[in-house]
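Please read the structure below before turning to the comments.
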Amino acid sequence: MSYTPLRRIYLFSDTYGRSKNPFVQDDADALISTDFRSFPLESFHREFDIYGREAITEHILRLIFELHECTLQSPYISDAVKEEYRKTTTGVFINAAPRLNKENGTPFYIATGDGVRIVTTNPAGLSTIKHKLTSLHHLDNHKNVIYGNTEQFRSSYTPFLLHPDHDIDLIEDDLSLIPDEVADRWELAYVDRYGNMITYAHDTERQWAQIEAAADENNSVKLIIGNVSQTAFLGSSLKDADPGALVVYKNKNIDILRKWMVDEDSYTRLYRSAYLQFSKPDVGAKIRIAD
């Protein structure tokens, strides 16, 4: 049996020890997007702490599958590079498994899709990419050759499962184990290092139509994230927004951000960001349009 080499490795864990503040975290979205778009044949190994922001991994998984498909369809990448790229695999490790009962954490699941291999403790976090997956397995949590039943630091061993050519016994699961995506879902999916907020809607076009329908005569709408409401202007892109204004626009996802003003210093730009104006909502917070 032949295997594609593991070329890009992205590790997300709540054990790496950094602040949940996106202003001092490495921006996973920006870094991974650059890896795929500019260096498709290079090798990368990146680690991101997700303590307190575990839900960002759903956005990252959607992004990686999108980037994979775009790389294969890119108009500026040569056919020869695409051919070599297709022979490689992207590995994504996701670990957040607090001990809340008598079990030694939740099992590690291994999911595969075209060009992507995922090891995760949260199969529910695969819901929005379920249709892109081709297989699902898990490691027996009680008896395996990697760690014992009382091992506290399982996450230092289990990224090994990203390698497709290991001989470790896995238990096969049906993809139906992954729950279906919740309909009518609109929530905060990611906050970048500038405090711009990327949201996720189950049906982006439908959600954007609802936003447009709720806009007032000033082309603005009041949005509520968590328990905080702010007025945002509808735009087609960041370029069209007025300096200093909160703007919401469709950008594959639906983005909410504040456009910088001329001569603002770097601190002010962050202090007045959309993320802070909505009082630092948690990733996963529900978003709704105010009545």
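The values are calculated or read from the model by the stated rules, or taken from the named source; none is laboratory data. Bear in mind that the values here come from a model prediction, so they are computed numbers and not experimental data. We place every Cβ from the backbone using ideal geometry, glycine too, and count neighbours over all the protein chains shown. These area figures cover heavy atoms from the full protein model, side chains too; ligands, DNA and RNA do not enter into them. Shrake-Rupley method; radii C 1.70, N 1.55, O 1.52, S 1.80 Å.
Worth a mention:
- Given 13 as the ceiling on other Cβ atoms within 10 Å, longest exposed-site-free region of the chain for chymotrypsin sites (Phe, Trp or Tyr not before Pro) in DSSP loops: 154-291
- Stretch gain in nm, segment Leu270-Arg18, where the contour uses 0.36 nm per residue and the Cα spacing is subtracted: 88.8 nm
- The largest-to-smallest principal axis extents of the Cα set in the range 1-69 are 40, 26, 19 Å.
- Exposure ranking of Asp49, Asp14 by accessible area [1.4 Å probe, largest first]: Asp14, Asp49
- Only protein heavy atoms count here; on that basis, with a 1.4 Å probe, Asp169 has an accessible area of about 130 Å².
- Computed E for Ser78/Asp240 - FRET, C-beta separation, R0 45 angstrom, nearest 0.05: 0.80
- Its residue count N sets the reference 2.2 N^0.38 Å, and the alpha-carbon radius of gyration of the range 9-165 equals 1.07 times that reference.
- Signed unit charges on C-beta, dipole axis of the chain, positive-most listed residue Ser237, Gly52, Tyr10: Gly52
- Rounded to the nearest 0.05, the FRET efficiency derived from the C-beta distance between Thr34 and Asp180 at R0 = 35 Å is 0.60.
- Comparing the chain with the 2.2 N^0.38 Å rule of thumb, its C-alpha radius of gyration ratio is 1.07 (two decimals).
- Taking each DSSP H run with n ≥ 4 as -39500 (n - 2.57) and averaging over every residue of the chain yields -5500 deg cm²/dmol at 222 nm.
- Neighbour net charge for Met261 - beta-carbon separation under 10 angstrom, K R +1, D E -1: +1
- Theoretical FRET efficiency, 1/(1+(r/R0)^6), r = Cβ-Cβ of Arg288 and Phe44, R0 35 Å, to 0.05: 0.40
- Lys, Arg +1 and Asp, Glu -1 on Cβ, resulting dipole of the chain about Cα centre, debye, nearest 20: 460
- Neighbour net charge for Leu6 - beta-carbon separation under 12 angstrom, K R +1, D E -1: +3
- Subtracting the Cα-Cα distance of Asp169 and Asp216 from 0.36 nm times their residue separation leaves 11.0 nm of extension gain.
- With both labels modelled 7 Å from their Cα along Cα-to-Cβ, the Glu69 to Tyr51 distance reads 3.6 nm.
- By accessible area with a 1.4 Å probe, ligands and nucleic acids excluded, highest first: order of Ser13, Ser236: Ser236, Ser13
- A 1.4 Å probe, protein heavy atoms only, puts the accessible area of Arg288 near 120 Å².
- As a length-normalised measure over Cα pairs under 8 Å and 6 or more apart, the relative contact order of the chain settles at 16 percent.
- Here is the size of the range 227-279 from its Cα atoms: Rg then Dmax, 11.0, 32 Å.
- Between Thr4 and Ser156, the distance separating the two model label sites (each 7 Å from Cα on the Cα→Cβ line) works out to 3.2 nm.
- Whole-number D in µm² s⁻¹ for the range 146-291, Kirkwood Cα-pair radius fed into Stokes-Einstein, 37 °C, 0.692 mPa s: 183
- Counting all C-alpha pairs of the range 171-233, share separated by more than 14 Å (%): 71
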